[in-house]
Structure formats: C-alpha cells, structure tokens
Amino acid sequence: MKITFHGHACFELESSGHRIIIDPWLTGNPLAKAKPEGISPEAILVSHGHWDHLGDAVAIATKSGATIIGVAELCHYCQGLGAKTHSMHIGGSFRFPFGKVKLTPALHGSAVMGDDGARYTGNPCGFIIEMGGKTVYHAGDTGLFGDMQLIGKQFSLDVALLPIGDNFVMGPEDAAVAVEMLRPKMVVPMHYNTFDVIRQDPETFRKAVKTRGLTQVVVLEPGGSYSI
C-alpha cells in the first residue's frame, strides 16, 4: 500500500490498482500541493462536514464518478449537490471493491457552516480501512477517548493516522496516549501546522511516543508518500 499525505487530514491510499482519498481539502489548503482536478479516486471517505475535511469531495465526486462514503446525514447533503454516495453510521462496516470500511466514533462536531448558519451533517467519525491486506485507522478529528483501546484490541493496525494539532483535536501528548491504546505498527501525525492555532512540532509527538517505548512514527511532508 502507498500512503500519500496531502496536508492537514487528507491522505490517498493506493493498493492493487485501487485508489481512495480521505478528507480531500485541497483548494485553499496552504499546505496541499495536489489539485482536485488531478485527483481521480474510486471512493472518497469524509470524516465530517467541516470545510477543512469535506473540502473538494463533491467536486471530485461529480467529476470522477467516485462514491462519497460517510455518515448518512453528510451523505444526504452531498447527494443533494449531485454526488454519488454510500451512507453508513458509526459501528457499521461495508465491503467495497477496494476493501472494507468500518466507521468508528470521533469526539468532535460536524456541520457545514456558512454565512446563513450551520447545517448539521451527523456525527463525526473515523475510519478503519482494510485494503490490499493492510489495515489503516484514520481517526478523523477527535479528542482522546477510551474506546481507542477497543479499536487496538479488535484490529491489528498497520498504520494509525492521528491528529496532533491540539485546540480542536488531540495534542501531541494525548495522541501519544492514543498510540499506546491503539498499538499500531506505525503512526503518521496529521492535522497540524495548517493554521497558527494548531501549530505543533511533530518531533514533540515523536519523542512522546518514543518515551513510552511504542511504535515507529513517520512524519510525512505534504506531497510525501510512504509504502507499507
């Protein structure tokens, strides 16, 4: 599996001829090097409705024919904009041509927010993705929660993609505790340094993980890839 980081919380996963993208905020993302017109996945996983995660999902879906996967309320919103969707909810799983997806809890909010107010888009979520013989956990935007220990027991995680930016999500220390509970073979930090309020040194996270004698931390620059 090839994992490509596009900045913030956006990742592309490629394996065995399949390609999916998660939280594709590219337009207006100061860290992203990729452009939405250059993205052509078969599926788009969206963790919640905030603009920095829903991002270009509808535009990519309507152009490429990709299916947006997420909680039912968010999918209903995207379907109203012309996108093909597959609705799910937390705790549910489904096997797609590219692999299996299970929705996990995330402690956050979820709404499409504009000048006319906020439109509720269901619960935020994370994703367990089984693809090409590998298992990836994308936590979405979340604080630390105890059921991460259940995720770590239920799944043998090859990679965990965890937010470390603090303020809106876990900070480096809480994220290190999450690693302790999840027990992945490898962890990639995300959701940091896009804005000043979430500015973090990923080395702080790496040291916190190393101090606990845990797993390998791989820090990816936007546009960077890693194969497992």
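Read-outs throughout are calculated quantities, based only on the coordinates presented, and are distinct from any laboratory measurement. This is a predicted model, so every value here is computed, not measured. Note that we place each Cβ from the backbone using ideal geometry, even for glycine, and neighbour counts take in every protein chain shown.
A few notes on this one:
- Potential extension, ARG199-ARG212 segment - 0.36 nm per residue separation minus Cα distance: 2.4 nm
- Calculated FRET value between GLN79 and LYS2, using beta carbons and R₀ = 30 Å, to 0.05: 0.50
- Charged-residue dipole, Cβ positions (Lys, Arg, Asp, Glu), segment 1-149 about Cα centre, Debye nearest 20: 460
- Listed by Cβ neighbour count within 10 Å, with the fewest neighbours leading, GLU42, GLU221, GLU37 appear as GLU221, GLU37, GLU42.
- Virtual spin-label span in nm between LYS33 and SER156, 7 Å along Cα→Cβ: 3.4
- Sorting the segments 21-27, 112-118, 153-159, 170-176 by their mean number of nearby beta carbons within 10 angstrom, highest to lowest, gives 21-27, 170-176, 153-159, 112-118.
- The dipole here belongs to segment 97-178: it is taken about the Cα centre, uses +1 on the Cβ of Lys and Arg and -1 on the Cβ of Asp and Glu, and is about 420 debye.
- Ordering PHE168, GLY122, PRO105 by the projection of their Cα atoms onto the charge dipole of the chain, which places +1 on the Cβ of Lys and Arg and -1 on the Cβ of Asp and Glu, puts PRO105 at the extreme positive end.
- Our summary gives segment 121-228 a relative contact order of 22 percent, counting only alpha carbon pairs under 8 angstrom and 6 or more residues apart.
- Cα gyration tensor category, rounded, prolate or oblate, for segment 56-122 with a/c compared to 1.5: oblate
- Set of lysines with alpha-carbon distance to LYS100 below 29 Å, sequence-local pairs under 8 removed: LYS2, LYS33, LYS35, LYS63, LYS84, LYS134, LYS153, LYS185
- Protection-proxy order for peptides 1-9, 74-82, 89-97, each taking the mean of Cβ atoms within 10 Å per residue, highest first: 1-9, 74-82, 89-97
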